[in-house]
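Trainee: Pasting a structure here, questions to come.
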Amino acid sequence: MADIELTIVMPVYNERPTVLEILRRVRELPISKEIIIVDNCSTDGTRELLQGLDYPDVKLILQPRNMMKGNSVKRGMGLAQGEYVVVQDGDLEYDPQDLLKLLEALKQEGVLAVIGSRLLGARERGEVIPRTVFRLGGDFVNWVFQVLYRSPLTDIASCYKMAPRSVLQRLDLRCDGFDLDFETAAKLQILARREGKRIVELPIHYAPRTSAQGKKIKWQDGLKAVATLWRTRWWKPSK
């Protein structure tokens, strides 16, 4: 197991229409990897579909009840064997091919973590991100982060946050919901500043879906994100 370069943690909940396709795309990545799928007690047949798979590079974890996305992510990270770790959602919003350039950047000297920015990706391609309630809420939470943490990061809500497993294990992550994304970004920023390292942002592709298509985040999660960012300001990393 020591030769595993990247662990890809995939939390899923009711993703039957997309999970096999995103799994195919992830498995095709030309790197040494393991994929840890954590099913959060799906009710649409996703769990049964995944139980029928038999791939040597895929490990399936079945949550005993709906314990929220953040808890599933933490459980997958706790089982990771790869040198580096990233989260991949079970839908088709993100393009796994972008993980290759994130991994390359992470290996550079002085880089603590790499985040895939949907905003930078849209700018690079000259695209306009639709001004949905999700986008407006994300922009506000990101602005709060920039003010509280004196950081230029543009997309802390991005699913693609890649870091060495040893770094993630130091973060002492506590959140169980969608707010885990913000706790992770905040603690990475604190740790990077403490150690004189950088967090690199790279443009990525993004194909947003709507609530009708299965998007699960709600406006209440934005309030939890702000509270998490405020509370995490006083976190002190272990030596």
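Trainee: I'd like the full set of residues that are closer than 15 Å to ASP91 by Cα, of a type outside the set (Asp, Glu) and in contact with a Phe, Trp or Tyr (Cβ under 9 Å, 6 or more places away or on another chain), limited to region 36-65.
Mentor: Residues satisfying the conditions are ASN40, SER42, THR46.
Trainee: If GLU183 satisfies all but one of (1) in contact with a helix residue (DSSP H, G or I) (Cβ under 6 Å, 6 or more places away or on another chain); (2) under 19 Å from PRO11 (Cα atoms); (3) not in a helix (DSSP H, G or I); (4) not polar (S, T, N, Q), what's the number of the condition it fails?
Mentor: With (1) in contact with a helix residue (DSSP H, G or I) (Cβ under 6 Å, 6 or more places away or on another chain); (2) under 19 Å from PRO11 (Cα atoms); (3) not in a helix (DSSP H, G or I); (4) not polar (S, T, N, Q) applied to GLU183, the lone miss is (3).
Trainee: Being of a type outside the set (Asp, Glu) and either without any contact (Cβ under 8 Å) to a residue 40 or more places away in the chain or in contact with a Leu (Cβ under 8 Å, 6 or more places away or on another chain) (or both) is the filter here; which residues of region 153-168 pass it? Spell out the reasoning first.
Mentor: Pass one, region 153-168, residues of a type outside the set (Asp, Glu): 153-154, 156-168.
The answer is THR154, TYR160, LYS161, MET162, ALA163, PRO164, SER166, VAL167.
Trainee: Those residues that are of a type outside the set (A, V, I, L, M) and either part of a strand (DSSP E or B) or within 18 Å of the chain's Cα centre (by Cα) (or both), I need them from region 190-207; list them, please. Explain how you work it out, then say what you get.
Mentor: Here is the first cut: in region 190-207, the ones of a type outside the set (A, V, I, L, M) are 193-198, 201, 203, 205-206.
Those that are of a type outside the set (A, V, I, L, M) and either part of a strand (DSSP E or B) or within 18 Å of the chain's Cα centre (by Cα) (or both): ARG198, GLU201, PRO203, HIS205, TYR206.
Trainee: Right, THR184: modelled with pLDDT of 95 or more and closer than 23 Å to LYS33 by Cα or not? Show your work before the answer.
Mentor: Values: modelled with pLDDT of 95 or more: yes; closer than 23 Å to LYS33 by Cα: yes.
Yes: the conditions hold for THR184.
Trainee: Can you tell me which residue within region 168-199, out of those that are among the β-branched types (Val, Ile, Thr) and buried (at least 21 other Cβ atoms within 10 Å of the Cβ), is nearest to GLY110 (Cα to Cα)?
Mentor: Taking region 168-199 and keeping what is among the β-branched types (Val, Ile, Thr), we get 184, 190, 199.
Checking the rest, the ones that are also buried (at least 21 other Cβ atoms within 10 Å of the Cβ) come to 184, 199.
On the way: THR184: 19, ILE199: 9 Å.
Across region 168-199, the extreme among qualifying residues is ILE199.
Trainee: So, one more: Please enumerate the residues belonging to region 88-110 that are under 18 Å from GLU28 (Cβ atoms), in contact (Cβ under 8 Å) with a residue 40 or more places away in the chain and outside any loop (DSSP other than H, G, I, E, B).
Mentor: The answer is TYR94, ASP98, LEU99, LEU100, LYS101, LEU102, LEU103.
Trainee: Would you say ASP44 is without any contact (Cβ under 8 Å) to a residue 24 or more places away in the chain and farther than 26 Å from PRO164 by Cβ? If you could, list the steps in order and put the result at the bottom.
Mentor: Details: without any contact (Cβ under 8 Å) to a residue 24 or more places away in the chain: no; farther than 26 Å from PRO164 by Cβ: yes.
In short, no.
Trainee: Is there a residue being touching a residue at least 24 places away in the same chain (Cβ under 8 Å), closer than 23 Å to GLY222 by Cβ and touching a strand residue (DSSP E or B) at 6+ places or on another chain (Cβ under 6 Å) anywhere in region 126-145?
Mentor: Scanning region 126-145 turns up no residue that is touching a residue at least 24 places away in the same chain (Cβ under 8 Å), closer than 23 Å to GLY222 by Cβ and touching a strand residue (DSSP E or B) at 6+ places or on another chain (Cβ under 6 Å).
Trainee: Then there is this: May I ask you to list the residues in region 111-139 that are among the basic types (Lys, Arg), in a helix (DSSP H, G or I) and more than 29 Å from ARG16 (Cβ to Cβ)? Break it down stepwise before answering.
Mentor: As a first pass, look at region 111-139 and keep what is among the basic types (Lys, Arg): 118, 123, 125, 131, 135.
If we keep only those that are in a helix (DSSP H, G or I) too, we end up with 118, 123, 125, 135.
Selection gives ARG123, ARG125.
Trainee: Further, regarding this structure: Out of all the residues in region 103-112, is one or more within 25 Å of ASP176 (Cβ to Cβ) and either touching a His at 6+ places or on another chain (Cβ under 8 Å) or crowded, with 21+ Cβ neighbours inside 10 Å (or both)?
Mentor: Of the residues in region 103-112, the ones within 25 Å of ASP176 (Cβ to Cβ) are 112.
Remaining after also requiring either touching a His at 6+ places or on another chain (Cβ under 8 Å) or crowded, with 21+ Cβ neighbours inside 10 Å (or both): none.
No, region 103-112 contains no residue that is within 25 Å of ASP176 (Cβ to Cβ) and either touching a His at 6+ places or on another chain (Cβ under 8 Å) or crowded, with 21+ Cβ neighbours inside 10 Å (or both).
The values are calculated or read from the model by the stated rules, or taken from the named source; none is laboratory data. Everything numeric in this text was worked out from a predicted model, so none of it was measured. Heads up, the Cβs are rebuilt from the backbone with ideal geometry, glycines too, and the neighbour counts pull from every protein chain shown.
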